[in-house]
1. Quick one: Karplus J couplings for segment 23-36, per residue in order, coefficients 6.51, -1.76, 1.60, θ = phi - 60°, nearest Hz, x for Gly and Pro?
2. Out of the total accessible area of the chain (probe 1.4 Å, heavy atoms of protein only), what percent is carbon and sulfur?
3. Sorted from largest to smallest, which semi-axis lengths in Å does the alpha carbon gyration tensor of the chain give for its equivalent ellipsoid, taking the root of 5 times each eigenvalue?
4. Given q = 0.18 Å⁻¹, what are the Debye log10 I(q)/I(0) values for segment 27-90, with equal point scatterers placed on the Cα positions and solvent ignored?
5. For Arg174, enumerate residues with amide H under 5 Å from its amide H, sequence gap 5+ or separate chain, H modeled in the peptide plane.
6. Solvent-accessible area per residue for the chain at a 1.4 Å probe radius, Å²?
7. Using amide H atoms built in the peptide plane, which far-off residues or other-chain residues are under 5 Å from Ile119 H to H?
8. Return a whole-number percent for the relative contact order of the chain, with Cα pairs under 8 Å and 6 or more residues apart as the contact set.
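The values are calculated or read from the model by the stated rules, or taken from the named source; none is laboratory data. Remember, it's a predicted structure, so these values are computed and weren't measured experimentally. Heads up: the accessible areas ignore ligands, DNA and RNA and are worked out on the full protein's heavy atoms, side chains in. Shrake-Rupley method; radii C 1.70, N 1.55, O 1.52, S 1.80 Å.
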Amino acid sequence: MERRGIIGIDIDGTVADTGGWFASALSTVTGKKLAVNDVTGHDWIAEGICTQEQCDEVISMFYEGGGSLEVPPIKGAIEVIKKLSKIWYTYFVTARPDSMFVDTEKWMVEHDCPYNRLILTGSHNKHELDIPFDVFIEDRYETALAMAEKGCYSLLLDNAWNRKGDTSHIFMKRVFDWDEIYREVRMYDYAQSN
């Protein structure tokens, strides 16, 4: 079967529940009871969540201590990706640094997550890749908007950290779970084929 096109999929906060992992790790390190909604900002130190030393410890746990391998998939993500990968090329595009390639690939294999390409950009400038994405699934508002501005149908997976973003762009839609993502991709596919 010929594939329809390319779906770009972010990993952290989109397929992997990284926010939940960070909330749990920060709770352990700081002794505070933290939920995902408590760790949505980008400056945990200024927000009083942790000290510099505690923050460094948690970041090191994730990036160098195997913490990224402990992150569970978001509910429904793997099942939907398996369905989509039968008719679309699935390219996973993450802002993780190249040094995490082996662990990221291992996570994908351990969770039986099919993919055609795994791209670690080391930055959030995914829109600068020279790849003709048809659809992009993302949790970071700025990245989703940049993809939409490029003409790619951008699905922003709702999270506490992206709720202030305006999703009125014609090529952008806020979605709330992976079942909705599947429906949106199917509707996009139908619209493109008619």
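1. These are the phi-based 3J(HN,Hα) values: 4, 5, 5, 5, 4, 5, 6, 8, x, 9, 8, 10, 10, 3 Hz.
2. Heavy-atom surface of the chain belonging to carbon and sulfur, 1.4 Å probe: 49 percent.
3. Values: eigenvalues 172, 67, 43 Å².
Ellipsoid semi-axes (Å, largest first): 29, 18, 15.
4. Rounded to two decimals, the profile gives -0.78.
5. Amide H neighbours of Arg174: Leu156.
6. 52 Å²
7. Phe92, Val93, Thr94
8. So the answer I get is 24 percent.
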